[in-house]
Amino acid sequence: MDEIEKITLDLTDCKYIRDFHERIRVAFDFPEWYGANLSALWDLLSEPWSAHITVIGVDTMTKELQEYFESIIKIFERAKCEQNSYGLVFEYEILS
């Protein structure tokens with residue numbers, strides 16, 4: 001099995017969707033050309049790899065971004081199924 005990459009996504013005090021995606025880009029070490037949208041996130045997370053993601057700071061974000069984050073959770077769940085189909089590990093946890 002491939003080594004599991006450990007990623008911490010810190011969303012503390014995130015206020016804007018652009019900032020949100022920049023934090024994702026940096027945490028996941030995505031390339032500069034990352035599209036900063038949900039489709040681009042899925043495209044990169046659907047590539048075969050193993051990861052454990054720890055998300056912190058969700059409770060400090062604006063209500064609007066907390067609602068947007070629900071879409072990210074759906075993508076994480078979809079990526080989890082995709083990676084499991086490859087025999088890989090994709091897991092995440094959300095800490096307060």
**Asked** Per residue, what volume in Å³ does the Cα convex hull of the stretch 16-71 take up?
**Response** 89
**Request:** Tell me what the chain gives for mean residue ellipticity at 222 nm when only DSSP H runs of n ≥ 4 count, each as -39,500 (n - 2.57), the sum divided by the residue total, rounded to 500 deg cm²/dmol.
**Result:** -14000 deg cm²/dmol
**Request:** Between R23 and C81, take the C-beta separation as r, use R0 = 22 Å, and let me know the FRET efficiency to the nearest 0.05.
**Result:** 0.35
**Prompt:** Just for the Cα atoms in the chain, what are the lengths along the principal axes, largest first, rounded to whole Å?
**Reply:** 38, 29, 19
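Read the figures in this text as sums done on the coordinates, not as results from a lab. Computed from a predicted model, the values in this text were never measured in an experiment. Every residue, glycine as well, gets a Cβ built from its backbone with ideal geometry; the counts of neighbours run over all protein chains shown.
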